[in-house]
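The values are calculated or read from the model by the stated rules, or taken from the named source; none is laboratory data. Everything numeric in this text was worked out from a predicted model, so none of it was measured. Positions of Cβ are backbone-derived with ideal geometry, glycine not excepted, and every protein chain shown enters the neighbour counts. Accessible surface areas use protein heavy atoms only, side chains included; no ligands, DNA or RNA. Shrake-Rupley method; radii C 1.70, N 1.55, O 1.52, S 1.80 Å.
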Amino acid sequence: MSIVTVQLGQCGNQIGFEVFDTLFSDSHSSQGLCSKRENEAYQASCKERFFSEEENGVPIARAVLVDMEPKVINQTLSKAAQSGRWKYGQHAYFCQKQGSGNNWAYGYSVHGPRHEESIMNLIQKEVEKCDSLSGFFIIMSMAGGTGSGIGAFVTQNLQDHYAHSLKMNQIIWPYGTGEVIVQNYNSILTLSHLYRSSDALLVHENDAVHKICAKLMNIKQISFSDINQVLAHQLGSVFQPVYSAEGSFHYRRNPLGDLMENLVPHPEFKMLGVRNIPQMSENSLAYSTFTWAGLLKHLRQMLISNAKMEEGIDWQVRPPISGLPPLGKMPLNKELHFNTSIANLAILRGKDVQSADLEGFKDPALYTSWLEPVDAFNVWKTQRAFSKYEKSASLVSNSQFLVKPLDMIVGKAWNMFASKAYLHQYTKFGIEEEDFLDSFTLLEQVVASYYNL
């Protein structure tokens with residue numbers, strides 16, 4: 001089954017390019033550590049998901065590119081074409097001459113309705129090229145105007161037009177220090193609208209990815225391109241093909257459906273995060289060896305201590321012993337708070353993958369009381385290595401990892417709202433105070449639901 005990717009705004013288009021490039025490079029890599037037949041099946045499965053029939057032998061990404069300024073789309077189209085390995089469809093993009101000025105309301109209320117027909121027609125054409133549609137993968141940021149405003153508008157439209165297809169939004173969480181003065185407004189409006197129309201929100205925090213670039217990849221001058229490559233690596237490690245069941249050698253047919261089934265058991269909880277291990281620069285990779293036991297021990301502690309990378313993990317955090325209050329101060333001090341999960345999915349790729357022991361992830365103390373570990377934890381495997389790593393593991397989690405950042409963004413937005421700062425920029429495009437209040441109510445409920453797991 002195929003996934004149609006919708007790339008929105010500068011951020012969505014730049015990340016989208018890196019994602020397709022990573023998927024293509026990996027599926028055509030000679031370092032897959034598996035038989036030729038297995039490699040061909042992996043390639044075919046990746047192609048069915050993300051690329052359509054070749055024009056003159058060059059695969060075409062199953063994607064629609066949307067931005068309100070032409071510059072980034074032109075760069076993205078030509079970068080893909082110049083690679084000579086894959087490209088975007090020549091009519092699969094929509095752009096205008098004037099951006100959204102970092103104003104969510106302008107993207108959502110002006111650009112969205114004005115260009116709805118053109119954008120939805122492009123998406124429909126892309127859907128018609130799929131023999132079977134798994135769903136939509138929508139890449140966007142939430143701080144600006146185009147990605148966030150039009151992203152929320154398009155997702156809502158997809159919900160109306162394709163009610164039975166799954167929608168996963170990949171959202172870039174803004175830097176805490178802020179790029180845009182109104183980013184907290186844009187963020188709460190984006191999140192609250194997506195919570196109503198999307199099936200899952202896969203969140204990447206800019207601050208966390210920045211740290212990975214600095215500490216694990218040893219990059220001195222970090223560019224957006226570096227950040228996007230780390231994101232693309234994490235997304236690729238989740239979306240590339242894996243076997244459908246223990247001992248089976250058939251690749252899963254419905255990637256989005258399988259992800260949702262394993263990770264989103266209740267519509268109140270749809271925030272997903274990704275961790276993966278190892279991540280390092282190519283130079284370091286040459287001198288490193290890994291065991292499954294070591295990788296999984298680190299990955300489990302990253303999960304329970306809510307660490308985004310394997311460096312600087314807090315090893316003091318332990319699962320609570322059932323029936324006893326957590327050690328240390330009572331819950332008022334949530335600093336050392338254990339990160340409770342609703343559901344986890346481990347994806348293991350590479351050598352000796354069948355020997356990996358995942359018992360540590362089946363501990364009931366890791367999960368909320370209303371799901372048994374047998375339902376809350378799943379594992380997917382393939383012998384085929386990903387990227388340049390002989391062994392690699394990814395963990396997609398539905399957990400409390402966003403309680404603090406979400407609470408902070410809601411709090412900052414509320415402080416601005418209470419003093420009516422910048423509100424006129426939104427009301428003049430039809431977003432009323434009532435809309436803001438609805439967003440606050442919905443997101444405060446989300447924070448409370450996750451907090452009380």
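Here are the numbers:
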item	result
The lone exception for Asn39 - which of (1) of a type in the set (S, T, N, Q); (2) at pLDDT below 90; (3) crowded, with 20+ Cβ neighbours inside 10 Å; (4) not in a loop (DSSP other than H, G, I, E, B) it fails	(3)
Answer from Ala92, Ala61 - the residue that is buried (at least 18 other Cβ atoms within 10 Å of the Cβ) and in contact with a Phe, Trp or Tyr (Cβ under 7 Å, 6 or more places away or on another chain)	Ala61
Filter pass, His193 being at pLDDT 90 or above, over 26 Å from Gln124 (Cα atoms) and out of contact with any Ser or Thr (no Cβ under 7 Å at 6 or more places or on another chain)	no
Of residues in the range 427-444 being among the polar types (S, T, N, Q) and closer than 18 Å to Lys412 by Cβ, the one farthest from the chain's Cα centre (by Cα)	Thr441
Selection from the range 42-75 of residues that are within 29 Å of Gly151 (Cα to Cα) and assigned to a helix (DSSP H, G or I)	Ser45, Cys46, Lys47, Glu48, Arg49, Phe50, Pro70, Lys71, Val72, Ile73, Asn74, Gln75
Enumeration of residues in the range 372-389 that are touching a residue at least 24 places away in the same chain (Cβ under 8 Å) and either crowded, with 22+ Cβ neighbours inside 10 Å or touching a Phe, Trp or Tyr at 6+ places or on another chain (Cβ under 7 Å) (or both)	Ala376, Phe377, Trp380, Lys381, Thr382, Arg384, Phe386, Tyr389
Selection status of Gly16, crowded, with 17+ Cβ neighbours inside 10 Å and not in a helix (DSSP H, G or I)	no
Ser78, sole failed condition from (1) of a type outside the set (D, E, K, R); (2) over 22 Å from the mean Cα position of the chain (by Cα); (3) more than 30 Å from Tyr251 (Cα to Cα); (4) not in a helix (DSSP H, G or I)	(4)
So Ile172, is it in contact with a strand residue (DSSP E or B) (Cβ under 6 Å, 6 or more places away or on another chain), modelled with pLDDT under 95 and of a type in the set (A, V, I, L, M, F, W, C)	yes
Enumeration of residues in the range 430-453 that are modelled with pLDDT of 95 or more, open to solvent by 60 Å² or more (accessible area, probe 1.4 Å) and either of a type in the set (A, V, I, L, M) or within 30 Å of Ser369 (Cβ to Cβ) (or both)	Leu437, Thr441, Glu444, Gln445
Any chance Leu256 is in contact with a Gly (Cβ under 6 Å, 6 or more places away or on another chain) and either at pLDDT 90 or above or buried (at least 17 other Cβ atoms within 10 Å of the Cβ) (or both)	yes
